[in-house]
1. Would you mind telling me the share, in percent, of accessible area of segment 76-154 contributed by carbon and sulfur at probe 1.4 angstrom?
2. Ordered by packing density, taken as the mean number of other Cβ atoms within 10 Å over each peptide's residues, highest first, how do 39-45, 146-152 rank?
3. In the structure shown, do any of K100/K186; K151/K175; K100/K125; K100/K151; K125/K186 have a Cα-Cα gap over 19 Å, and if so which?
Amino acid sequence: MSGRKEQKARTSGFTLNEFFQTDASINQGNSGGPMFNLQGEIIGVSNYIITESGGFQGIGFVATSNLAKKIVIEGNRRWTGISGYFLDPMSAWILNVPLKGGMLVESVVKFSPAYYAGLKGGFEKVTIDGQDMVLGGDIILSVNGFPLTRKAFERLNEAVTKQRENNDKGFFNQKIFKIKVLRGGKIEELTLEFDK
């Protein structure tokens, strides 16, 4: 492991991400393998690699065991198929977003709920203020009327955790989400549906 990054800005659908950066070889397609510390404990799960050659040379990223526990043990997390980045107020201003934030959709997994909702991922890799991101995709402004800024999302996550502790049906237990996105300078509304 060469670094630990709590990526409060990076998200997979409705879950904030936390990754280890590693120099260990990770081949494309072998996500899901464990990463061990020197005591033999699992500290993460291999997730993806940024590579220019298309091979194992590059920077690998491993989802921390904390993140894996949050998704697997807490359960009830909805997989949307979205990988995104929460824009801070300055990035939102640069990208002409009408709010002080939003979630930049960097990629959408084919045949995922986000794909069927019509969400579009980006295609142009850029670096803004030292942060790598992929531009050109939708920017999610709100979900069911709830603004999707990073601070608002963190407050929502805290409320959802309390709801789960009290076995209360909450925001993420819904089957249909109305999503407002900024696409090509225009605001559009999409519907994201879950089978369960």
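The values are calculated or read from the model by the stated rules, or taken from the named source; none is laboratory data. A quick note: this is a predicted structure, and the numbers were derived from the prediction, not measured. A quick note on method: Cβ atoms are made from the backbone with ideal geometry, for glycine too, and the neighbour counts reach across all protein chains shown. For the accessible areas, the whole protein counts, side chains as well, though only heavy atoms, and no ligand, DNA or RNA atoms are used. Shrake-Rupley method; radii C 1.70, N 1.55, O 1.52, S 1.80 Å.
1. 56 percent
2. Put in order of decreasing packing, that is 146-152, 39-45.
3. Beyond 19 Å between Cα atoms: K151/K175; K100/K125; K125/K186.
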